[in-house]
Structure formats: C-alpha cells, structure tokens
Amino acid sequence: MIFFEIPRLKIRQWKDSDLDELVLLNSDKDVMKYFPSTLSKDDTEKYFSKIKNNLNNNGFGFYAVEFKKDNKFIGFIGFSEVDFIDDFRPCIEIGWRFKKKCLRSRNSNRNS
C-alpha cells in the first residue's frame with residue numbers, strides 16, 4: 001500500500017523483503033553516527049517487528065520509502081511514540097533514516 005507520493009519518492013507500507021535492506025541501513029556506522037551504536041541483525045529484526053506493530057496498533061508510525069524510478073527501498077520516515085523514560089514524555093518522535101548514498105551534497109545537481 002502506498003500512503004502518498006512526492007515527485008521522486010513513494011512512502012509506503014513495509015514489505016517483508018525490506019528487512020535485509022533495513023539490516024544494512026542499521027549496521028552502517030555513518031547512518032547510525034548519532035545513535036548509541038549500530039544495530040545487529042537480531043536487533044534490527046526486533047525493530048522491524050516493532051515498526052510494523054506500531055503502524056498496525058496506532059495507525060501511524062515509520063513508513064518505508066523507495067525511489068519511484070526503480071522501486072528500491074532507501075529508508076524510512078514518520079512518527080513514533082517515544083518508549084523510553086524521560087522528563088518530556090509523553091511525546092511523539094519525528095524520525096527518519098536513509099541510506100547514505102541517497103544523501104545529496106549541497107553542490108549536487110538537483111535534477112539527478
């Protein structure tokens with residue numbers, strides 16, 4: 001199911017086939033630079049289940065993102081309830097994570 005599209009991207013429901021790409025994404029040191037650590041395959045499998053359960057139970061969550069041109073998974077974006085204990089809870093997190101090859105430098109051509 002596609003939730004919405006923008007000129008270059010589709011924001012869609014997760015597919016089981018996204019798991020292997022999510023494992024690669026979560027094990028990339030550059031992508032996970034501002035997190036406590038990268039995630040192992042087992043941790044990513046648990047995270048994948050959590051993401052899908054949150055979407056089903058809450059009606060919102062993190063959505064898979066893919067390029068329209070080739071239908072390749074490139075990351076995720078969305079909202080999630082914060083599940084750790086802190087002074088500012090309850091709250092909703094706005095989050096995203098994309099493959100580093102999808103990031104553009106400021107000098108890149110916007111038409112590519």
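Bear in mind these aren't lab numbers, they're just calculated from the coordinates by the rules spelled out. What you are looking at is a predicted structure, and each value in this text was computed from that prediction instead of being measured. Quick reminder, even Gly has a Cβ in these numbers, built from the backbone with ideal geometry, and neighbours come from all protein chains shown.
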Fill in the blank from the handout: The answer for the net charge of residues other than Tyr47 whose Cβ lies under 11 angstrom from its Cβ, with Lys and Arg +1 and Asp and Glu -1, is +2
Fill in the blank from the handout: For Trp96 and Ser37, extending 7 Å from Cα along the Cα-Cβ vector and measuring point to point gives, in nm, a value of 2.8
Fill in the blank from the handout: Rounded to the nearest 10 degrees, the helix 41-58 long axis (Cα) sits at an angle to the longest Cα principal axis of the chain of 80
Practice task
Kindly put Leu24, Leu103 in sequence by how many other C-beta atoms sit within 10 Å of each C-beta, fewest to most.
Solution key: Leu103, Leu24
Handout entry: the chain: calculated mean residue ellipticity at 222 nm from DSSP helix runs of at least 4, using -39500 (n - 2.57)
Key = -7500 deg cm²/dmol
Practice task
Treating cross-link reach as a plain straight distance, find the lysines whose alpha-carbon is under 20 Å from the alpha-carbon of Lys15, omitting any fewer than eight places away in the same chain.
Solution key: Lys41, Lys46, Lys50, Lys52, Lys68, Lys69, Lys72, Lys99
Exercise for the section: Would you please classify the overall shape of region 2-102 from the alpha carbon gyration tensor, given that a ≥ b ≥ c denote the square roots of the eigenvalues, rounded means a/c under 1.5, and beyond that prolate means a/b larger than b/c while oblate covers the rest? Expected result: oblate
Practice task
Using a Gaussian network model of the chain whose springs link C-alpha atoms within less than 10 Å, name the residue from Asp86, Asp16, Asp28 with the highest mean-square fluctuation.
Solution key: Asp86
Completion exercise
Around Lys33 (Cβ within 14 Å, Cβ-to-Cβ, excluding Lys33; K/R +1, D/E -1) the net charge comes to +2
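Where does the charge balance sit around Lys72 when Lys and Arg score +1, Asp and Glu -1, over other residues with C-beta under 13 Å from its C-beta?
Details: positive: Arg8, Lys10, Arg12, Lys15, Lys68, Lys69, Lys99, Lys101; negative: Asp18, Asp20, Glu21, Glu66, Asp70.
For residues surrounding Lys72, the net value is +3.
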